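The values are calculated or read from the model by the stated rules, or taken from the named source; none is laboratory data. Note that the coordinates shown come from a computational prediction; the quantities given were computed from them, not determined experimentally. Here the Cβ is made from the backbone with ideal geometry for all residues, glycine too, and neighbour counts use every protein chain on show.
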């Protein structure tokens, strides 16, 4: 299927590894032009993708200003912002969480999306096919004990998405959230390891329990997430906005 996105100008935050790397790769495969940012300078230096890049922490507004200056210089404008940057945050009961860990999780996983969107919008208004994709999580629609900062941020992402979609529709800018379930990779392994320690259980028990709550009994791959994002950002998704779309194998519970 031709997604009609050749030449699309795309910015992917946290694009040097994991989900962001796969999103950037899939856009490139379809002929888009991509700029990525990441806090990991080493990962940026090792990137084999044909992208331009910036070192940036989305929680730092000076970094974000420089990022969009670089993006304008590299791409000459912007059609798509993929707000992918995020961290897992701390694991523990609310009375055990260090307030600084709470602040950092919210700063990256929610405020960071705002920091990028507020600068992207004036650029997107000049696009004929403009989209913002915000990465939420099934933790943004389900209870998630021992992960209060992350869950709060990801519920907030859905609220931000709905507000921006309503605000920006008159300019033809579509805004959607993706809610991944258990995504294969290093992050979910770290989450399971931390939860196993917190509950004094084995890694295998935690993983098996998590998958038992997924109807398809499987994790999601980064490629599957990227494919959905590409469709939403293509002209084929031109009437989809204000949605929080779960790609999760039908996850019923995170408890």
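In this structure, does residue 118 turn out to be surrounded by fewer than 17 Cβ atoms within 10 Å (Cβ to Cβ) and not assigned by TED's automatic domain parsing to the domain that holds residue 63? The answer is no for residue 118.
Residue by residue, here is whether (1) assigned by TED's automatic domain parsing to the domain that holds residue 31; (2) free of Cβ contacts under 8 Å to residues at least 60 places away in the same chain; (3) in contact with a strand residue (DSSP E or B) (Cβ under 8 Å, 6 or more places away or on another chain); (4) surrounded by 15 or more Cβ atoms within 10 Å (Cβ to Cβ) holds:
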{"site": "62", "(1), (2), (3), (4)": "yes, yes, no, no"}
{"site": "86", "(1), (2), (3), (4)": "yes, no, yes, yes"}
{"site": "97", "(1), (2), (3), (4)": "yes, yes, no, yes"}
{"site": "100", "(1), (2), (3), (4)": "yes, yes, no, no"}
{"site": "110", "(1), (2), (3), (4)": "yes, yes, no, yes"}
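When 24, 14, 32, 43 are screened for being at pLDDT 95 or above, in the same structural domain as residue 108 (by TED's automatic domain parsing) and on the phi > 0 side of the Ramachandran plot, only 14 passes. Screening the stretch 159-188 for residues that are under 23 Å from residue 17 (Cβ atoms) and out of contact with any strand residue (DSSP E or B) (no Cβ under 9 Å at 6 or more places or on another chain) and picking the one that is surrounded by the most Cβ atoms within 10 Å (Cβ to Cβ) gives 188. Could you tell me whether residue 236 is part of a helix (DSSP H, G or I), assigned by TED's automatic domain parsing to the domain that holds residue 139 and either over 28 Å from residue 115 (Cβ atoms) or out of contact with any helix residue (DSSP H, G or I) (no Cβ under 8 Å at 6 or more places or on another chain) (or both)? Yes; evaluated as a whole, the condition is true for this residue. For the condition modelled with pLDDT under 95, assigned by TED's automatic domain parsing to the domain that holds residue 79 and crowded, with 19+ Cβ neighbours inside 10 Å, residue 146 qualifies.
Taking residue 16, is it within 28 Å of residue 104 (Cα to Cα) and assigned to a loop (DSSP other than H, G, I, E, B)?
Here the answer is yes, as residue 16 does meet what is asked.
Across the stretch 239-253, the number of residues qualifying as in contact with a helix residue (DSSP H, G or I) (Cβ under 6 Å, 6 or more places away or on another chain), part of a loop (DSSP other than H, G, I, E, B) and farther than 28 Å from residue 170 by Cβ comes to 1.
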